[in-house]
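The values are calculated or read from the model by the stated rules, or taken from the named source; none is laboratory data. Keep in mind the model is a prediction, meaning the values are calculated, not measured. Note that we place each Cβ from the backbone using ideal geometry, even for glycine, and neighbour counts take in every protein chain shown.
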């Protein structure tokens, strides 16, 4: 069918003559001018298209443009890092204790029931501070000095528990931009390879390669900034708990000194 249409077209061209040929040339020029005029409108539509997309759609598009082989590891670092952050936030929230109330309860228990009653109060209170107090009360019969050493030693153990997982978050903060930079360098090399293969410095080839290369750096820096904010929050939370722990431990030793004088 296609061959038959082509044959009829050729016969029509040859039979129309020179006048039709000139008319066809004029039509071709008109179509070319119309195409050139329509091109800016098409480009304007393409430029306006991303603005109609939601933020989620734009991020998804940029993620795909950056290349799965580089974007996927960065995304994995973000997911694992946020999982650790959420776990640490929950743990630290549960580790927070009203030390003033706890010390008052321990002091009252020592007056009414002795060391065992005070240990029972610590046992029924959650958090690392109550655990430290229990260790100190458990060695109180050996003397205040031994109880103080026990509090200090077990306090170091609890501090390590509070800081658990922060090294991984710190690693992800450093690793995400590095992966982004590595993807950028590899993308630049690929862009230059494309220029070499094309034999000409085409703005389209150069701009496309550089854009894809820089997207990995952008996403790597975004992941690092997100994790850095949570990392500083966790450090501040841990510092607050540790300061409260140290102050409460001193108060506990003072309570034990008063108790032993009776």
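Of everything in the range 65-82 that is modelled with pLDDT under 70 and in a helix (DSSP H, G or I), the residue that is surrounded by the fewest Cβ atoms within 10 Å (Cβ to Cβ) is 65.
Filtering the range 140-199 down to residues that are free of Cβ contacts under 8 Å to residues at least 40 places away in the same chain and under 17 Å from the mean Cα position of the chain (by Cα), which residue is surrounded by the fewest Cβ atoms within 10 Å (Cβ to Cβ)? Ranking the qualifying residues of the range 140-199, first place goes to 167.
Counting the residues of the range 215-232 that are at pLDDT below 95 and surrounded by fewer than 16 Cβ atoms within 10 Å (Cβ to Cβ) gives 2. Residues in the range 121-133 that are crowded, with 18+ Cβ neighbours inside 10 Å, part of a helix (DSSP H, G or I) and under 38 Å from the mean Cα position of the chain (by Cα): 122, 128, 129, 130, 131, 132, 133. Within this structure, residue 253 passes the test of being modelled with pLDDT under 90 and surrounded by 14 or more Cβ atoms within 10 Å (Cβ to Cβ).
Scanning the range 92-117 for residues that are under 30 Å from residue 234 (Cβ atoms) and without any contact (Cβ under 8 Å) to a residue 12 or more places away in the chain turns up 93, 98, 100, 101, 104. Of the candidates 62, 88, the single residue that is modelled with pLDDT under 90, surrounded by 12 or more Cβ atoms within 10 Å (Cβ to Cβ) and within 37 Å of the chain's Cα centre (by Cα) is 62. Residues in the range 108-120 that are surrounded by fewer than 19 Cβ atoms within 10 Å (Cβ to Cβ) and part of a helix (DSSP H, G or I): 108, 111, 112, 114, 115, 116, 117, 120.
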